[in-house]
Amino acid sequence: KDTTFSPMDSLRYYKRFLHAGFVSMDPNSGYIKTWVGGINYPFFKYDHVKQSKRQPGSLFKAYVYAAAMDAGFGPCDKLVDSPITVNYVEKGVQKSWTPKNANGSFSGAQVTLKHAFAKSINSIAVQLTQQVGWNKVIEYAHKMGITASLASVPSVSLGSSDVSLYEMVNSYAPMVNGGYSVKPILVTKIVNKKGKVI
């Protein structure tokens, strides 16, 4: 009996493994404290911290709110949590986008931006994006440390463009360190067996 695996059999087998990446960084110095690229790098040869890119989803709302605050909005300003449709043109094609909230419903209530951010309300983030412009959201994401190319579409505000975990962790540092961009540092020095810096 032939027991050899085809390439498709191998892919099906490997897809059954749970792969994940993890990285932690000091937001003030940029020193990398932990970097776990996957379950077995020597075998899989793939780093889920820097190589893997995924849609970050609501993590991107931080850039929406940062852009909005710089545009003059305040945490106590209110918007209505209601359905919204955005009409736009992408590559010469007229499109419309109607996002939903995570819970599938809209309260119809006026909510503060502080509350909307804390509760991750999609409708409010999209309204803010319409007011400041999605290219402004992209600008702020890049200012804060995202280096990937981001699609200039309204859904960028809800994290529709793929980015790496490495970029996301780095871009969140200014939010907790007083607004300063830092560069991740993996190695601070190399010493020989006697402890002498080389």
Check: Does Ser160 count as part of a loop (DSSP other than H, G, I, E, B), of a type in the set (Gly, Ala, Ser), closer than 20 Å to Lys53 by Cα and open to solvent by less than 100 Å² (accessible area, probe 1.4 Å)?
Finding: yes
Item checked: Of the criteria (1) open to solvent by 70 Å² or more (accessible area, probe 1.4 Å); (2) out of contact with any strand residue (DSSP E or B) (no Cβ under 6 Å at 6 or more places or on another chain); (3) not in a helix (DSSP H, G or I), which one Pro42 fails -> (3)
Item checked: Residue list for segment 96-126, restricted to those being within 11 Å of Ser155 (Cα to Cα), open to solvent by less than 50 Å² (accessible area, probe 1.4 Å) and of a type in the set (A, V, I, L, M, F, W, C) -> Ala125, Val126
Next item on the list: Would you mention how many residues in segment 166-184 are surrounded by fewer than 18 Cβ atoms within 10 Å (Cβ to Cβ) and among the small types (Gly, Ala, Ser)?
Entry: 3
Checklist line | Output for segment 51-79, where each listed residue is crowded, with 16+ Cβ neighbours inside 10 Å, in contact (Cβ under 8 Å) with a residue 60 or more places away in the chain and part of a loop (DSSP other than H, G, I, E, B) | finding: Ser52, Pro56
Next item on the list: Mind counting the residues in segment 81-95 that are over 15 Å from Ser155 (Cβ atoms) and among the polar types (S, T, N, Q)?
Entry: 2
Notebook entry, point to check: Is at least one residue of segment 52-69 at pLDDT below 95 and farther than 28 Å from Ala116 by Cα?
Noted result: yes
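So, in segment 162-188, exactly how many residues are more than 19 Å from Asn28 (Cβ to Cβ) and not aliphatic (A, V, I, L, M)?
2
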Notebook entry, point to check: How many residues are modelled with pLDDT of 95 or more, in a loop (DSSP other than H, G, I, E, B) and either in contact with a Pro (Cβ under 6 Å, 6 or more places away or on another chain) or open to solvent by less than 80 Å² (accessible area, probe 1.4 Å) (or both) if we restrict to segment 80-95?
Noted result: 4
Margin query: Restricting to segment 27-39, name every residue that is in a loop (DSSP other than H, G, I, E, B), open to solvent by less than 60 Å² (accessible area, probe 1.4 Å) and over 30 Å from Ala116 (Cβ atoms).
Written below: Ser29, Gly30, Gly37, Gly38
Next item on the list: Give the number of residues within segment 133-142 that are within 19 Å of Glu90 (Cα to Cα), open to solvent by 30 Å² or more (accessible area, probe 1.4 Å) and of a type outside the set (Lys, Arg).
Entry: 3
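The values are calculated or read from the model by the stated rules, or taken from the named source; none is laboratory data. Everything numeric in this text was worked out from a predicted model, so none of it was measured. We place every Cβ from the backbone using ideal geometry, glycine too, and count neighbours over all the protein chains shown. What goes into the accessible areas is simple: the full protein's heavy atoms, side chains included, and nothing from ligands, DNA or RNA. Shrake-Rupley method; radii C 1.70, N 1.55, O 1.52, S 1.80 Å.
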